[in-house]
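Just so you know, all these numbers are worked out from the coordinates, no wet-lab data involved. The model shown is predicted, which means the values in this text are computed figures rather than measured ones. With ideal geometry, Cβ positions are generated from the backbone for all residues, glycine too; neighbour counts draw on all protein chains shown.
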Amino acid sequence: MTDNRIPDSLDSLWTTCHLATLRAGEDGYGVLNNGALAVKDKKIVWIGPESNLPEGIRRRTPTVHNLGGAWVTPGLIDCHTHLVYAGNRTGEFERRLNGATYEEITRHGGGIMSTVNAVRAADEEDLYMQSVLRLKAMQAEGVTTLEIKSGYGLDPESEMKMLRVIHRLGRDFPVNVMPTFLGAHALPPEYRDDPDGYIDLIVDKMLPAVASGGLAVAVDAFCERIAFSPAQTERVLRAAVSLGFKVKLHAEQLSDLKGAALAAQYGALSADHLEYLDKDGIAAMARNHVTAVLLPGAFYFLQETKKPPVNHLRAAGVRMAVSTDCNPGSSPCTSPLLMMNMACMLFGLTPVEALRGITIHAAHALGMEDKAGSLEPGKRADFAIWDISEPAELSYGMGGNPCRLVVKDGEIVIRREDPYTTGRDDVVL
Ligand code: DI6
Ligand code: FE
């Protein structure tokens, strides 16, 4: 990172706060009590003890925010979402609670395909409006960067429609959106008898079109018994890498097809889910610095019992990220805070691992670690300001939202109502 000297002129100063910086090269929260943070040109330019602020700097700074003892963290990063979709899957939810399994429903044409039908039928405006509601819910919990995948279109036109909506969300809202092409999410009915023909379509037509339109940064695939085989997945990864895409993979969610090792072989940023990951897969991820993206919402919502091998990942030094997997079938979740709690309670992460998982490690999962994910000079001035008494409180709560302010590129973009307002004139707290 750049050095930490305070420039003569600033755009804003944020004082009277405690910082969880999550800075590189440390395992902990990177706590700075009684700190201050300085912003210029949309970037963090200085962080330090408030008592080190030079004489007169407050007077020379146009906006000084006294945060009254609040905590500041980096803006949260949701590094694995399918946030753009139409409709919902409550019918399937009821069927599962009456005994059907996710895999059975998928094999009978439900599951991902029912959302594909809804997305194909939705006009672009409707798809956009439904997705906006979910994006706003995430922003309210401090999200300033997120990845959004296509993968509910599964034909060239519908995948493009999803990618256009994904781009529009990034333009219209104060968030950085990383678009990922997930054409290999499920086999569309048109190719029921010709799965390799669908891979041909992806490799020969869809990927080149996505590349030439600049519509995605990364390419993902679902390597699973109910989706694509390792050989089919490998064709997608190879073509993606040769077109200059970053790659990621849904791997070892429901069975062990050795997807994580395959992802590692292609230099993937991340392998995601990983409940069935084995020792060789862990070793391959460690060797190739692949981030493990843990998705406790999907584990919970599908009532899985096999947990990802967190102890072994930790021992092998594999970075662990945490994300919502926001999608209508396996994780209808827009709450990064709830995912932090579930990562702790269901998977055994510590609260500091959960916070690193949804900030700096999530930045690694997106290849954005030089720009986001920690409070350090040179990084984007993206942060969240919380009414909490210590950082572990972010993982501790279940429901409720202590996020007071969200700051994107140095500007306040979400301002929660004053928590001490009762809404009644006659009751004063
Ligand atoms: N794994 C998941 O958990 C989601 N996609 C995937 O590849 C589920 C998507 C859905 O059921 O709609
Ligand atoms: Fe997913």
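Annotations for the structure displayed:
- Rounded to two decimals, the Cα-based Rg/Rh of the chain, with Kirkwood Rh, is 0.99.
- For the chain, the membrane-span-like helix rule (DSSP H, alpha carbon extent of at least 20 Å along the helix axis, mean Kyte-Doolittle at least -0.5) picks out 124-140; this says nothing about an actual membrane.
- GNM on the chain, alpha-carbon springs under 10 angstrom: the most fluctuating residue among T21, T90, T145 is T90.
- Counted charge near I199, where neighbours are those whose Cβ lies closer than 13 Å (Asp, Glu -1; Lys, Arg +1): -2
- Using a cutoff of 8 angstrom between alpha carbon atoms and counting only pairs six or more residues apart, the relative contact order for the chain works out to 19 percent.
- Comparing A231, A354, A264 in a Gaussian network model of the chain (Cα springs below 10 Å), the most mobile by mean-square fluctuation is A231.
- In the elastic network of the chain, a GNM with C-alpha springs shorter than 10 Å, the most mobile of K40, K408, K149 is K40.
- Here is how the number arises for the chain: DSSP H runs of 4 or more residues each give -39500 (n - 2.57), the sum is divided by the residue count, and the result at 222 nm is -9500 deg cm²/dmol.
- Neighbourhood charge, 10 Å Cβ-Cβ cut-off, centred on K258 and excluding it, Lys, Arg +1 and Asp, Glu -1: -4
- With Cα atoms as the point set, the radius of gyration and Dmax of segment 102-161 evaluate to 13.7, 38 Å.
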